[in-house]
Amino acid sequence: MKQELASALLRSGEITRRDFAAKTASSMLGVGLLGNFASNAARAAFEGSSKLRQVATAKNVIYLYMSGGQSHMDTWDPKEGVETAGPTKPIKTSADGVRVSEYLPLTAKQMHHGTVINSLTSTQGAHEQGNYMMHTSYELRGTIRHPAMGAWLNVFQGGGNTTLPNFVFIGNDSRHPGAGFFPAAHSPLYVNNPENGLKNIRSSVPEDKFMKRMALADELDKDFRATFPHRNVKAYADMYDDAMAMMKSEDLKAFDLTQEAPDVRAAYGREAFGQGCLLARRLVERGVRFVEVSLGGWDTHNANFVRVPELCDTLDKGLASLIADLNSRGLLEETLVVLTSEFGRTPDINQNVGRDHYPKAFSAAMFGGGVRGGYVYGKTDKEGREVVENKVKIQDFNASIGYALGLPLDQVVFSPSKRPFTVADKGQPLTDIFA
């Protein structure tokens, strides 16, 4: 009946599709979309954002976050013949003209599936602020919490598995912005240790007794929900409904890594990051649309050339196995694997044989999901100090992820405080990196 009414209204021209979406978002999400009577500020946000559209090239995203500030000089943008290179040497890859660090030999064999972006730049040189901007496209403020990309995907498209959350974070970084100003239902499911899966998800109480308890609790809460029809109250009730659905889901076995063959688990690496990558593959197989896996420890102010090879060994096994595994299962074409960090590290080597924070120039990479294979976008100078070709702001990078997913980059959403936002601020997608 609701669908028939909506269709009739739209056909009659009484309201526009944008107005209808705005009213629906306001009632269901606790936020609003840009309508005909938007403020000048909202119009400005709309006009400044990219209006580019494309059919989505990616259905899912596996987002690998290198927490701490990954050294671009020792991973994706190695130099040669200059003092800033240090002892790190570049090696050839499976793609002509693409070179990566010697510390990533397994990933080098998968570079025909991906694009390296060597021209990222940020205005944020501190960890918390850089982490926040990379995840949200916005500066960290004390007055508002902005959504991460997985929450935007949930709001605009939803879909995925009906009994598992569409947004999962694997790691232990408590600074993750989560759903931001969107309702709590769009927050990620946090999995601290992929080896442990989801603990205590099954009830120890017999099913009939458990359902009676839930029915009683629902009856007791009914008057309260009617008296206080606030979105946070509804979100609390929805959380129970979602938890109930997940408890009964047959797809909970996705979280059980013991079902994988020992040689597969070993190939990914037995560290938490590698097993997190394996869990991410298992989740996207079952319809979970956005999975983030974090690898910390990249804050290498000291002993950079000891720590980075160790970290790269962990990264290399997990990333290369993930790409190869997705490809062999026919999932790489529809899954965008993104690797990024909050900033790079200084070309100059400090007195502790380390590299310090460097937001001025750094690197990221994307694989599958419609991006060009065997491609390098952007360039730094011979010492890795300055971006000299195709500078990429964080907002542009995030707009490219949204573009791959087919998200409306110019769609303004109003927060509960009536402030206008778009998915990647005013970022412009890097259309050249798509095949």
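The values are calculated or read from the model by the stated rules, or taken from the named source; none is laboratory data. Predicted model only: the values in this text are computed from it and were never measured. Glycine gets a Cβ as well: all are built from the backbone with ideal geometry, and neighbour counts include every protein chain shown.
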If we take the range 350-432, then strands (runs of 3 or more DSSP E) inside it with 3 or more residues that are over 17 Å from TYR63 (Cα atoms) and in contact with a strand residue (DSSP E or B) (Cβ under 6 Å, 6 or more places away or on another chain) are 375-377, 387-389
Picking from GLY180, GLY158, the residue that is on the phi > 0 side of the Ramachandran plot, modelled with pLDDT under 95 and within 16 Å of the chain's Cα centre (by Cα) would be GLY158
When restricted to SER294, SER249, the only residue at pLDDT 95 or above and within 29 Å of LEU153 (Cα to Cα) is SER294
Scanning the range 248-270 for residues that are assigned to a helix (DSSP H, G or I) and acidic (Asp, Glu), the one farthest from GLU285 (Cα to Cα) turns out to be ASP263
For the range 314-345, the count of residues that are among the polar types (S, T, N, Q) and crowded, with 21+ Cβ neighbours inside 10 Å equals 4
Across the range 346-378, the tally of residues that are touching a His at 6+ places or on another chain (Cβ under 7 Å) and under 25 Å from CYS277 (Cα atoms) stands at 6
Filter the range 79-117 for residues that are without any contact (Cβ under 8 Å) to a residue 24 or more places away in the chain and within 23 Å of PHE397 (Cα to Cα); the one that is surrounded by the fewest Cβ atoms within 10 Å (Cβ to Cβ) is ARG99
Residue set LEU64, LEU120; condition closer than 25 Å to ASP299 by Cα, in contact with a Cys (Cβ under 8 Å, 6 or more places away or on another chain) and crowded, with 24+ Cβ neighbours inside 10 Å; output residue LEU64
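Take the residues in the range 298-333 that are part of a loop (DSSP other than H, G, I, E, B) and within 20 Å of the chain's Cα centre (by Cα), then tell me which one is farthest from LYS109 (Cα to Cα).
Here the residue is TRP298.
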In the range 284-340, anything touching a Leu at 6+ places or on another chain (Cβ under 6 Å) and of a type in the set (Phe, Trp, Tyr) is listed as PHE290
Quick check on ASN154: is it crowded, with 22+ Cβ neighbours inside 10 Å and closer than 22 Å to PRO420 by Cα? yes
